[in-house]
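No value in this document is a laboratory result; all are computed from the given coordinates. Computed from a prediction, not measured in an experiment: that's the story for all the values here. Here the Cβ positions follow ideal geometry from the backbone for every residue, glycine too, while neighbour counts run over all protein chains shown.
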Amino acid sequence: MMTSRSRRRPWRGVAATLVVIGAVSCSDDPTAEERVCDARTELREAVDDVVTDVQAANFGEASDGTAAVSEAYNELVVALDELGQEQREALAPHVEGLAADIEALPDAQGLDELGSSLDAILSEVQQIYDETTEALQCE
């Protein structure tokens with residue numbers, strides 16, 4: 001004969017299993033640091049793609065690629081906001097300093113103007129990439 005106590009035990013195991021499954025599924029979410037690392041990589045890749053198009057003298061593709069640069073930049077800004085205060089304060093000034101240059105990219109009127117803008121942006125993006133890699137120990 002089962003007592004009410006013995007009937008509850010199977011549910012304890014099920015409840016414990018559900019808690020473990022829930023904890024495991026939540027741990028798959030990237031950390032704030034991982035999101036920043038991913039965003040800095042996406043920004044560099046987007047800039048590199050536009051540089052490649054400028055070098056190939058393909059103004060149409062390069063001009064179209066500026067939207068991806070802006071989007072990647074915005075993703076980095078959002079990701080930085082998720083960091084702790086100390087990390088954010090260390091990295092944000094460099095990223096914020098890039099805002100005006102990124103915003104001006106779509107206004108470039110030719111390959112020369114776009115290329116000149118990209119030269120400055122590329123060095124700033126590389127600096128952000130390196131500093132972020134070091135500060136957050138990105139892979």
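At-a-glance table
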{"quantity": "Centre separation in Å (Cα based) which lies between segment 33-61 and segment 77-132", "calculated": "12"}
{"quantity": "Sites residue 94 and residue 116, calculated FRET efficiency, Cβ-Cβ separation with R0 25 Å, nearest 0.05", "calculated": "0.75"}
{"quantity": "Gain on full stretching of the segment that runs from residue 138 to residue 126 - 0.36 nm per residue minus C-alpha separation", "calculated": "2.9 nm"}
